[in-house]
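Engineer: Dropping a structure here in structure tokens format, bear with me for questions.
The values are calculated or read from the model by the stated rules, or taken from the named source; none is laboratory data. Computed from a predicted structure; not experimentally measured. Backbone-built Cβ (ideal geometry, glycine too); neighbour counts: all protein chains shown.
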Amino acid sequence: MLSDASSVWPIHINDFDRNINLFNCQNGTLDLRTREFLTHNPEDMLSMISGVNYRPSTKCSRWNRFIQEIMEEDIRPDNDPVGYQFAELERDNVASTAADLSEFGNPL
């Protein structure tokens with residue numbers, strides 16, 4: 001059956017997950033560079049999805065307090081787009097980090 005399917009729609013494993021800046025959530029896809037939240041799109045060819053729903057309006061006081069504790073005083077967590085730091089990580093690390101943070105609300 002797989003050989004039949006590959007003759008009709010040949011896709012190589014390397015065609016998936018090419019854009020490391022796309023983080024796939026249950027309710028859509030977050031572009032970590034632009035912070036734009038997009039609808040799921042099969043053309044993105046994402047093979048993984050996190051277990052969290054992205055909620056941009058959710059505030060996380062514990063996350064903000066944590067950022068204040070570890071950063072210099074002039075860094076404000078609500079203005080510091082964490083997604084830019086996530087974009088520098090490998091995709092697997094992003095997924096596990098975001099899943100770990102999901103219990104605290106939206107870190108972005």
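Engineer: Does Asn24 qualify as being among the polar types (S, T, N, Q) and at pLDDT 65 or above? Give the derivation first.
Structural biologist: Details: among the polar types (S, T, N, Q): yes; at pLDDT 65 or above: yes.
So Asn24 fits the description; yes.
Engineer: State all residues of segment 35-59 that are of a type outside the set (S, T, N, Q) and closer than 23 Å to Ile11 by Cβ; if no residue qualifies, say none.
Structural biologist: Of everything in segment 35-59, those that are of a type outside the set (S, T, N, Q) and closer than 23 Å to Ile11 by Cβ turn out to be Leu38, His40, Pro42, Glu43, Asp44, Met45, Leu46, Met48, Ile49.
Engineer: Restricting the search to segment 11-31, which residues are outside any loop (DSSP other than H, G, I, E, B), aliphatic (A, V, I, L, M) and farther than 17 Å from Pro56 by Cα?
Structural biologist: Step one: list which residues in segment 11-31 are outside any loop (DSSP other than H, G, I, E, B), which gives 13-15, 22-25, 28-31.
Of the ones still in play, those that are also aliphatic (A, V, I, L, M) are 13, 22, 30.
Within segment 11-31, just Ile13 meets the criteria.
Engineer: Has segment 32-43 got at least one residue that is assigned to a strand (DSSP E or B) and in contact with an Asp or Glu (Cβ under 8 Å, 6 or more places away or on another chain)?
Structural biologist: First, the residues of segment 32-43 that are assigned to a strand (DSSP E or B): 37-38.
Filter again for in contact with an Asp or Glu (Cβ under 8 Å, 6 or more places away or on another chain), leaving 37-38.
Yes, segment 32-43 contains at least one residue that is assigned to a strand (DSSP E or B) and in contact with an Asp or Glu (Cβ under 8 Å, 6 or more places away or on another chain).
Engineer: When only residues in segment 39-57 that are out of contact with any strand residue (DSSP E or B) (no Cβ under 8 Å at 6 or more places or on another chain) and exposed (fewer than 13 other Cβ atoms within 10 Å of the Cβ) count, which is modelled with the lowest pLDDT?
Structural biologist: Top of the filtered list is Ser57.
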